[in-house]
1. Considering only the stretch 219-226, I want to know if a residue exists there that is in a helix (DSSP H, G or I) and not assigned by TED's automatic domain parsing to the domain that holds Asp422.
2. Given the structure, is Met150 within 30 Å of Leu29 (Cα to Cα), out of contact with any Ser or Thr (no Cβ under 7 Å at 6 or more places or on another chain) and in a helix (DSSP H, G or I)?
3. Being among the small types (Gly, Ala, Ser), in contact with a strand residue (DSSP E or B) (Cβ under 6 Å, 6 or more places away or on another chain), touching a residue at least 60 places away in the same chain (Cβ under 8 Å) and under 23 Å from Ser399 (Cβ atoms), is that true of even one residue in the stretch 53-70?
4. If you go through the stretch 5-24 one residue at a time, how many are at pLDDT 95 or above, more than 24 Å from Glu204 (Cα to Cα) and of a type in the set (A, V, I, L, M, F, W, C)?
5. Could you tell me whether Asn91 is buried (at least 17 other Cβ atoms within 10 Å of the Cβ) and either at pLDDT 90 or above or not in a strand (DSSP E or B) (or both)?
6. Within the stretch 400-463, which helices (runs of 4 or more DSSP H) (wholly inside it) include 1 or more residues that are over 20 Å from Gly39 (Cβ atoms) and touching a Cys at 6+ places or on another chain (Cβ under 9 Å)?
7. Quick one: is Asp317 of a type in the set (D, E, K, R), over 14 Å from Met261 (Cα atoms) and at pLDDT below 95?
8. Please specify each residue of the stretch 40-69 satisfying the condition of being outside any loop (DSSP other than H, G, I, E, B), of a type outside the set (D, E, K, R) and buried (at least 17 other Cβ atoms within 10 Å of the Cβ).
Amino acid sequence: MTGSPAIALNNVSKSFGPVEVLHGVDLALHAGQVHALIGENGAGKSTTMKILAGYQPPTTGQLIVDGTPTAFHSLHDGELAGVVMIHQEFNLAEQLTVEQNVFLGRELKRGVLLDKAEMRRRTRDYLARVQCDVSPDTMVSKLSNSDKQMVEIAKALSRDANVLIMDEPTAVLTSRETEVLFTQVRILRDAGTAVLFTSHKLDEVAAISDHVTVMRDGNVVHSGPTRDINEDSMATAMVGRDVSDLYPVKPGLPVDAPIVMQVKGLSVPGFATDVSFNLRQGEILGIGGLIGAGRTEVMEGLAGLRPATSDTVTLFDKPAQFRSPGGAQRAGLCYLTEDRKLRGLLLERGMRENLTLQNLHKFGRLLIDKAAEEKALTKAISEFDIRTGTREIAVGNMSGGNQQKLLLAKVMLSEPRVLIVDEPTRGIDIGTKQQIYAFLRKLADAGHSIIMITSEMPELIGLSDRVVVMRLGQIGGTLGPDEMSEDAIVRLSMGLNRKTNSIPEMA
C-alpha cells in the first residue's frame, strides 16, 4: 500500500532478561486494511501486539505512529494515540455491569453527575451493532463466554480506534457470531481503521484479511497480500514443516472392543436430561453439537464437577456416580477443562506447582519432595514438548499452546484410564494441534478411552472413532465411522432428519 502506515514496528527486538523473544521484527499496519498476524503459540505474536498497544516497550528498534517515531510508556499512551486492543483473555470487570465496563474510566457526565441515561443508550447501540442481545444492566459475571467477547468488541467500538488490534477474537464465538464480527470488521476497515487480526483458524484469516504476516520463533518469515498465499502455505510457513497430515491415521475400533463405561439416563439439572451412551476401550468418542447443547455440563456431571443423577453409570463394570472429581480420579477417570486459564492452571505459579498440584500425594505426605517434582517436570517437558525459555517461568507468561500441553501433562500424571477432554485445542496453533492429536491417538492405541468435546468440525471428524451429537440437552443421534460428515452432524445438531430434512417428532 502507498502512504505512511498508521502504525509500524521497525527492526524491533524484545528481551526478557537474557532471553530474546523478538528478533528484528518489521510490521506495518495501514489505514483501511485488515492485516492478519499468524504463527504458532510462542512465535512472538502476543509480544508484538503488546508493543504496538503500549503494554510493553521494545528493547531495541522503533515504534512509528503516522510516520513519527513514538514511545508508548503505558496502555493509556496507546489509547491516546488511537490504538485499542481486544485481548484473548477477557479484560472485563466481572462484578460490574455491561454498561459500566463499556465506559469504565471514560464515564460520561452531566455537570457533576454521571449521565447514566446516555451511557445506557450508547451501550445499547454498541451492543446492537454486534447483535449482542444482553441488557446494559447485566452483571458481566452472568454472561456466557461468547457474550463476554461481544461486550469486549462493543467496548472497543466505543473508543473510535484508529488502530484496532484483535487477539483471537473468534476463539469462543459461534459461526454466526463470527460472521457478525466480520461484518463489523469490514465496516471499520472501509471507514479507514487499521485492523490487526490474529487467529489460529486459517480459513478465517483467508476470509477476512487483506495482508498476512507469518511469524516463527520470534522472526517474520513471510509478509504479503493474502491473495498470494493459500491456507496450506500459511500452515507450512508457521511451523516450518508440512502439516498436510494433520490427523493421525485411525486404526479402526475392533467390533469386539470391550465397553469400559456405560451411561444410562444421566441428567444434569438445568442442562441435560436422559443422556445415554457407551464408551469402548481404545475409542475416541467425539461429542458434537451447538454451543449451549449441554455437552460440557453433561461431562462435568459425569466427572463429579456438578450435581447429576442417573439410572445407571458403570465404569469398568463398577457403579460410578461420582460426587467429586477426586472420586472420579481415584476410579480412573479424569476431566481436562475447556478453560485452562480460569479453571485448569494457577497462572501466577510455576510449572512445577501446576504439574503436581492434582497429585501431591505422590510426592510426599507431610513434606513435599521437590526433587521428585522437578524430576516429574523434566519428564513432562520432554514427553509433551513444552517449550519455554526457562522452567522457572510463571505459567501465565507461557504461550497458550504450552499452557495446554502443561495442563494435559498435569491430568496425565493421574494416570487415567478414561480421559475427558473439553475443547482440547481451543486457541492454539496448528503445529501444537498436530502434536495433541498425535498424543490422543497414541493414548487410544495404547488402550485408554477418550471422550472429546469439540466445536471444531474437522477436529470432530478427523479424530473421532464415533460421534455423539447433542441437541437441547439430549442425544440427537450417534454417527459411526462411515456416517460422519459435516452435513450429518449439522443436521443432528439442528434436529433435522438426515434423509428428509424434516424435524423429527419428540417422543
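The values are calculated or read from the model by the stated rules, or taken from the named source; none is laboratory data. Predicted model, so just to flag it, every value in this text is computed and none were measured. Here Cβ is always computed from backbone atoms with ideal geometry, including for glycine, and neighbour counts include all displayed protein chains.
1. Scanning the stretch 219-226, I find at least one residue that is in a helix (DSSP H, G or I) and not assigned by TED's automatic domain parsing to the domain that holds Asp422, so the answer is yes.
2. yes
3. yes
4. Matching residues across the stretch 5-24 total 2.
5. no
6. 400-412
7. No; evaluated as a whole, the condition is false for this residue.
8. Correct list: Ser46, Thr47, Thr48, Met49, Ile51, Leu52, Ala53, Gly61, Leu63, Ile64, Val65.
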